[in-house]
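Colleague: Can you keep this structure in mind? I'll have questions shortly.
Any read-out appearing in this document is the output of simple, stated calculations on the displayed coordinates, not a laboratory observation. Because the structure is a prediction, the values reported are computed rather than measured. Cβ placement follows ideal geometry from the backbone for every residue including glycine, while neighbour counts extend to all protein chains displayed.
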Amino acid sequence: MNAPQSTIMGRETLLEAARVLDRRRLGSADYFQGTNVAIMISPESDQGGNSVLITCLALGGHKVSWDRLAVWAVDSQGSRHALGAHLNNRGQQYLRLPAPVLESSYSLRAGNRDRLLARELSPVPMPHRIAASGLDSQRGLDPGEPSVHPSLDGSITATIRPLPGGEVEAAFETQIAEHNHRDVEFAFVPADAEGRSPTQGNATFNRTAGDREVWEAIWVGALDVGKPHDLIFGLATYDSP
């Protein structure tokens, strides 16, 4: 059984906020007002100007599941910073960055964020199996049930399947032909985040075999499956030089 997905409130507002924030360059104070959302981006003077406050306000006062929107920053070398940050229930987040915002070439990224519980990441122990002699037994591991996580706009679906040996498979699927050979970027961010680094990477969409019009990007790697993680993902975008 797939992991249940919570109801997303204010999806159109989230999508508009994600479109505005993604690839937006950081610098001086910035403001945007659209159809569904107003966004303020404010560099902060604390810690040498190494932080920025993002505030999203839903126009019309309706409720929005702001915690489903992940935001992070990318520098001119393509390095990601503040991975794991997501908007709080007031639509705000501080991004703390390694260099002053006004002196650096940062741009924002925005993507989907879902919580993965430890039980969704861990394979399932099999019952003891008794050998023919009746004297030996061994415990194996079955891959666990996959959890399915659609992106906010529904264009990409991430399926996370736990594997034996402390690994997980992340399979990203799309039916949009224009995504062929493009990258999806993702991160598994420890929910407690203290002292533990995110597991992050990219995977490239390729056409699947068969008659289905589907493109898939697959990653398999080690993960600390005993802890809950936030899954953050989105279609990779690259700034022009």
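Colleague: For a Förster distance of 45 Å, can you work out the FRET efficiency between the beta-carbons of E213 and E103, rounded to the nearest 0.05?
Modeller: Working: r = 46 Å, r/R0 = 1.03.
Once rounded, the FRET efficiency stands at 0.45.
Colleague: Mind listing the long-range amide H neighbours of L116? Cut-off is under 5 Å, sequence gap 5 or more, other chains count too, H placed in the peptide plane at 1.01 Å from N.
Modeller: Amide H neighbours of L116: H229, D230, L231.
Colleague: A further question on this structure: Using θ = phi - 60° and the Karplus curve 6.51 cos²θ - 1.76 cosθ + 1.60, what whole-Hz ³J(HN,Hα) does each residue of the range 150-164 get, with Gly and Pro shown as x?
Modeller: Listing the rounded values in order: x, 5, 4, 8, x, 7, 10, 10, 9, 10, 9, 10, x, 10, x Hz.
Colleague: Skipping prolines and chain starts, which residues have an amide H placed within reach, meaning under 5 Å, of the one on A236, given they are 5 or more residues away or on another chain?
Modeller: Here the answer is D183, V184, E185, since their amide H atoms fall under 5 Å of that of A236.
Colleague: Residue separation times 0.36 nm, minus the C-alpha to C-alpha distance between R96 and S42: what's the value? Can you show the working numbers first?
Modeller: Numbers: separation 54, 0.36 × 54 = 19.44 nm, distance 1.22 nm.
Length gained, R96 through S42: 18.2 nm.
Colleague: Provide Y106, Y94 in ascending order of the number of other Cβ atoms located within 10 Å of each residue's Cβ, fewest first.
Modeller: Working: Y106 24, Y94 15.
Listed from fewest to most nearby Cβ atoms, that is Y94, Y106.
Colleague: Quick check on the range 54-120: take the gyration tensor over C-alpha atoms, sort the square-rooted eigenvalues as a ≥ b ≥ c, and tell me if it's rounded (a/c under 1.5), prolate or oblate.
Modeller: Judged from the Cα gyration tensor, the range 54-120 comes out oblate (a/c at least 1.5, b/c at or above a/b).
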